[in-house]
Amino acid sequence: MSELKRVIVERRSVKQISSRKIDRSLVEEIIELAAFAPFHSKVEPWHVYLIEDAEQKEKLVRAVAAAKNDGASLGQVKEMLERKFLTAPVILMVTSAVFQDAKKDFESVAATSAFIQNLQLAAWESGVGTIWRTPKFLFQPAFREALQIGEEETVMGLLPLTLLPEEKPDPKPRRELKDFLHEL
Ligand SMILES: Cc1cc2nc3c(=O)[nH]c(=O)nc-3n(C[C@H](O)[C@H](O)[C@H](O)COP(=O)(O)O)c2cc1C
């Protein structure tokens with residue numbers, strides 16, 4: 001099997017997050033590779049926000065608290081985010097441009113989804129695991145507003161990065177081809 005085929009088949013979403021440091025240069029290389037995703041009409045719609053140091057993680061905690069708006073203390077929100085996000089040495093928040101036009105907005109989300117999958121594959125190949133997470137709080141306007149992200153961007157997901165463990169999870173089985181390949 002070629003390296004490309006192997007990475008496509010073997011990549012898994014990694015839920016077990018470790019705090020081991022990941023070089024900034026590797027993170028940037030992975031993001032640059034992801035940007036070779038296809039896009040339409042000269043618009044590369046993706047943006048990536050790095051959440052890395054204590055101040056940036058604190059901003060994330062405050063934004064989640066604003067979105068949840070259920071009276072939970074910052075400490076409680078922090079605890080809730082610890083295992084899935086804050087433990088990671090780097091969390092990427094990916095957004096996509098919004099044009100208030102159905103076709104352009106569809107293409108924007110489609111291109112940024114391709115970008116995210118490229119990112120997941122490039123990360124895996126470099127020994128870095130991630131998982132595309134879309135918790136409910138991302139879709140609350142208060143979350144975006146707290147992070148000063150305008151209506152011209154939609155948040156596509158949070159991706160914590162983690163060094164891959166020695167023992168990688170097995171590939172997740174997929175539906176058989178006959179279940180989704182149809183004769184028109
Ligand atoms: C748009 C999108 C959103 C996702 N959101 C979540 C999420 O919020 N929580 C989660 O555990 N996994 C999430 N995932 C990851 C899927 O659970 C995972 O990709 C799927 O189970 C297939 O497993 P694999 O990626 O290991 O092949 C998301 C995946 C996609 C494509």
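Rule-based calculations on the coordinates, nothing more; no lab input. Please read all numbers here as calculations on a predicted model, not as lab measurements. Here the Cβ is made from the backbone with ideal geometry for all residues, glycine too, and neighbour counts use every protein chain on show.
Out of all the residues in the stretch 101-160, which are more than 16 Å from the ligand (Cβ to nearest atom), touching a Ser or Thr at 6+ places or on another chain (Cβ under 9 Å) and part of a loop (DSSP other than H, G, I, E, B)?
I149 - this is the single residue of the stretch 101-160 that is more than 16 Å from the ligand (Cβ to nearest atom), touching a Ser or Thr at 6+ places or on another chain (Cβ under 9 Å) and part of a loop (DSSP other than H, G, I, E, B).
Hey, among A88, A72, which residue is of a type in the set (A, V, I, L, M, F, W, C), assigned to a loop (DSSP other than H, G, I, E, B), out of contact with any Asp or Glu (no Cβ under 8 Å at 6 or more places or on another chain) and surrounded by fewer than 19 Cβ atoms within 10 Å (Cβ to Cβ)?
Numbers: A88 fails: surrounded by fewer than 19 Cβ atoms within 10 Å (Cβ to Cβ).
The unique qualifying residue is A72.
What is the one condition in (1) in contact with an Asp or Glu (Cβ under 8 Å, 6 or more places away or on another chain); (2) part of a helix (DSSP H, G or I) that T95 does not satisfy?
(2)
Among the residues of the stretch 5-33, write down those that are within 18 Å of V48 (Cβ to Cβ) and basic (K, R).
R24
Can you name the number of the only condition in (1) crowded, with 17+ Cβ neighbours inside 10 Å; (2) assigned to a loop (DSSP other than H, G, I, E, B); (3) touching a Pro at 6+ places or on another chain (Cβ under 9 Å) that R20 fails?
Failing condition for R20: (1).
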